[in-house]
Amino acid sequence: MYKLNEEKMFYDMADGQAIVINFVTGMYYGASALGSMVLDALMQGQEPKQIVDTIKNNEGCVVDIDQRVERFIAALTEKEIFISDNQPYSQESLGHFVVVNGDYSLELNEFAEVQDLLLADPVHDVEADMGWPKLKEED
């Protein structure tokens, strides 16, 4: 089974969009619509094969969905978002995935725009006259 690397990552699903924040590096990640569904299914302890089989139930599913899911999970583990776990997979049914406009892309996007803010220390990076955060200047 795969599980969230809770030592480094925070995960949330909002309006069908998965968001993962690496609170060690300050990087954050977003996924495509289908990627968000796959990421959420993994969070629920679902087996990758069951995820693929569920996606295949959609009319017009791309023939290489197995490889796409495999590459997407590899990207999640490469970024250390998910780690392997020896726990058994969930036996709960997945229901179905709604693929919008035939978009079978499984993308993981990485962002650094708020890296400084996410890594700011709210206790020590405060200046009374400037407020928070007053980020440390680069030397």
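Data overview
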{"item": "Phi to ³J(HN,Hα) by Karplus 6.51 cos²θ - 1.76 cosθ + 1.60 over the range 100-106, Hz, x for Gly, Pro", "result": "8, 6, x, 7, 9, 6, 10"}
{"item": "Cα-based radius of gyration of the range 21-60 once divided by 2.2 N^0.38 Å, which approximates compact folds", "result": "1.44"}
{"item": "Mean separation of Cα contacts under 8 Å (6+ apart) over length of the range 28-95, as relative contact order %", "result": "42 percent"}
{"item": "Sorted peptide list for 17-24, 34-41, 84-91, 2-9, criterion being average Cβ within 10 angstrom, highest first", "result": "34-41, 17-24, 2-9, 84-91"}
{"item": "Spherically averaged projected area in nm², based on the convex hull that wraps the Cα atoms of the range 14-106", "result": "6.4 nm²"}
{"item": "Restricting the range 69-103 to GluC sites (Glu not before Pro) in coil, as DSSP defines it, with at most 15 other Cβ within 10 Å", "result": "Glu80, Glu92"}
{"item": "Compactness relative to 2.2 N^0.38 Å, alpha carbon Rg of the range 60-106", "result": "1.39"}
{"item": "Solvent-accessible area of Ile81 with every protein chain in place, 1.4 Å probe, in Å² to the nearest 10", "result": "0 Å²"}
{"item": "Apportionment of accessible area to carbon and sulfur, the range 9-112, percent (1.4 Å)", "result": "48 percent"}
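The values are calculated or read from the model by the stated rules, or taken from the named source; none is laboratory data. Computed from a predicted structure; not experimentally measured. Because the Cβ atoms are built from the backbone with ideal geometry, glycine has one as well, and the counts that use them run over all protein chains shown. Just so you know, the surface numbers come from the protein's heavy atoms only, side chains and all, with ligands and any DNA or RNA stripped out. Shrake-Rupley method; radii C 1.70, N 1.55, O 1.52, S 1.80 Å.
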